[in-house]
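Here the structure comes first, spelled out in structure tokens, and everything after it is commentary.
The values are calculated or read from the model by the stated rules, or taken from the named source; none is laboratory data. Everything quoted here is computed from the prediction, not taken from an experiment. Positions of Cβ are backbone-derived with ideal geometry, glycine not excepted, and every protein chain shown enters the neighbour counts.
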């Protein structure tokens, strides 16, 4: 994993906008309709190349494929693994129900109607994952701008466990640990391709106001411990410096008044055997929590991939705002700018059809992130 040297590097949290024709096909597939894969493949190929080029144009240093081949950041695994079927009505976030009701529009309700575990989970064919990695490498090598590094996202055992209902295993722990052992194969494949592995783990924060909204904080913290243990089991053969772990409170423009405080989970996150934490820091409900890193210092062998761009609004942050946030992040890690990378709070296309930021605005946000990172780098003496 690249460190910032000479200037603060830039990246993003994973998903990027998909073209509407591709969204339409993915929506049909999510509804159980038969979709010709031969119609999907050319769209994925073209959109992957486009988002890679646009990242390079925006000045992104550490890029990826934008998850163009996936219907969502977590449920994509059901097309690669066995043991899943049916659907269930997944519980919504607490602030939706209490404050917003039906005002949230979900064009493609992929996560609200998630699959169910109905048999032993298995991951025997890695063809889709292999193709996704190979396509990223191939397209990135064809761009005029050279990325400093490339990463590939993968769903964590915990987000799979909280999104997909367990109707097969005797206990939830058995389910999550079984998922961890099978997802290990995808994680190891990604790293074997020379890519940095990003584990997407919104469950470590978001599920406090989702699946565990009626439970005491202590119960949720025990779930976080279990999920981190599952992560450590799944990545036991991968060096920590090849892994970054993304945590968020949900990519939703909602009140977030029931979010768990960073202070209540940060010490637990440090138990993960990873080389970097990818954390929301631009989120208006959590922007003040850079101070928490002073109370609970980031382990010396970890980097902080700091969210300095809000992925939920169409405001384009000013470069000076980005620079200010990066300077706060640098202070949070002991004034060492080599340990900070600029990032977005979350992905911009976490599920096909759920668009919160217009595509043209996404690219403007990534450009201003690079500008702000360069400004902060100069201020910090680089």
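Scanning region 60-70 for residues that are within 30 Å of residue 161 (Cα to Cα) and surrounded by fewer than 24 Cβ atoms within 10 Å (Cβ to Cβ) turns up just one, 62. Taking residue 60, is it modelled with pLDDT under 95 and either more than 25 Å from residue 88 (Cβ to Cβ) or in contact with a strand residue (DSSP E or B) (Cβ under 9 Å, 6 or more places away or on another chain) (or both)? It is false that residue 60 is modelled with pLDDT under 95 and either more than 25 Å from residue 88 (Cβ to Cβ) or in contact with a strand residue (DSSP E or B) (Cβ under 9 Å, 6 or more places away or on another chain) (or both). Please specify each residue of region 43-88 satisfying the condition of being more than 24 Å from residue 123 (Cα to Cα) and assigned to a strand (DSSP E or B). The answer is 62, 63.
Out of everything in region 188-208 that is touching a helix residue (DSSP H, G or I) at 6+ places or on another chain (Cβ under 7 Å) and surrounded by fewer than 24 Cβ atoms within 10 Å (Cβ to Cβ), what residue ends up being nearest to residue 127 (Cα to Cα)? Applying the filter and picking the extreme gives 189. When the criteria are applied in full, residue 179 fails the requirement of being touching a strand residue (DSSP E or B) at 6+ places or on another chain (Cβ under 9 Å) and touching a residue at least 60 places away in the same chain (Cβ under 8 Å). Counting only residues that are part of a helix (DSSP H, G or I) and farther than 14 Å from residue 229 by Cβ, region 184-196 holds 8 of them.
Select from region 90-142 the residues that are modelled with pLDDT under 75, in contact with a helix residue (DSSP H, G or I) (Cβ under 9 Å, 6 or more places away or on another chain) and surrounded by 12 or more Cβ atoms within 10 Å (Cβ to Cβ) and write down the one among them that is farthest from residue 65 (Cα to Cα).
Result: 104.
One residue alone among 57, 50, 45 is over 19 Å from the mean Cα position of the chain (by Cα), surrounded by fewer than 16 Cβ atoms within 10 Å (Cβ to Cβ) and closer than 20 Å to residue 344 by Cβ, and that residue is 57. If you go through region 336-348 and pick out every residue that is in a loop (DSSP other than H, G, I, E, B) and either within 18 Å of the chain's Cα centre (by Cα) or surrounded by 21 or more Cβ atoms within 10 Å (Cβ to Cβ) (or both), you end up with 4. In region 196-216, the condition of being in contact with a strand residue (DSSP E or B) (Cβ under 6 Å, 6 or more places away or on another chain) and over 23 Å from residue 356 (Cβ atoms) is met by at least one residue. Inspect region 159-179 for any residue being under 25 Å from residue 341 (Cα atoms) and part of a helix (DSSP H, G or I) and give the result as yes or no. Taking every residue of region 159-179 in turn, at least one turns out to be under 25 Å from residue 341 (Cα atoms) and part of a helix (DSSP H, G or I). Any residue in region 349-364 that is at pLDDT 95 or above, crowded, with 24+ Cβ neighbours inside 10 Å and either under 20 Å from the mean Cα position of the chain (by Cα) or in a loop (DSSP other than H, G, I, E, B) (or both)? Checked against the condition, which is being at pLDDT 95 or above, crowded, with 24+ Cβ neighbours inside 10 Å and either under 20 Å from the mean Cα position of the chain (by Cα) or in a loop (DSSP other than H, G, I, E, B) (or both), region 349-364 yields at least one hit. Scanning region 360-377 for residues that are touching a helix residue (DSSP H, G or I) at 6+ places or on another chain (Cβ under 6 Å) and farther than 17 Å from residue 14 by Cβ gives 367, 368, 371, 372, 375, 376. Picking from residues in region 1-42 that are part of a helix (DSSP H, G or I), touching a residue at least 40 places away in the same chain (Cβ under 8 Å) and touching a helix residue (DSSP H, G or I) at 6+ places or on another chain (Cβ under 9 Å), the one that is surrounded by the most Cβ atoms within 10 Å (Cβ to Cβ) is 26. For region 228-248, the set of residues classified as touching a helix residue (DSSP H, G or I) at 6+ places or on another chain (Cβ under 6 Å), surrounded by fewer than 24 Cβ atoms within 10 Å (Cβ to Cβ) and either part of a helix (DSSP H, G or I) or free of Cβ contacts under 8 Å to residues at least 24 places away in the same chain (or both) consists of 233, 242, listed by residue number.
Here is a list: 173, 182. Which entry is touching a helix residue (DSSP H, G or I) at 6+ places or on another chain (Cβ under 9 Å) and surrounded by fewer than 19 Cβ atoms within 10 Å (Cβ to Cβ)?
Of the residues listed, the single one that is touching a helix residue (DSSP H, G or I) at 6+ places or on another chain (Cβ under 9 Å) and surrounded by fewer than 19 Cβ atoms within 10 Å (Cβ to Cβ) is 173.
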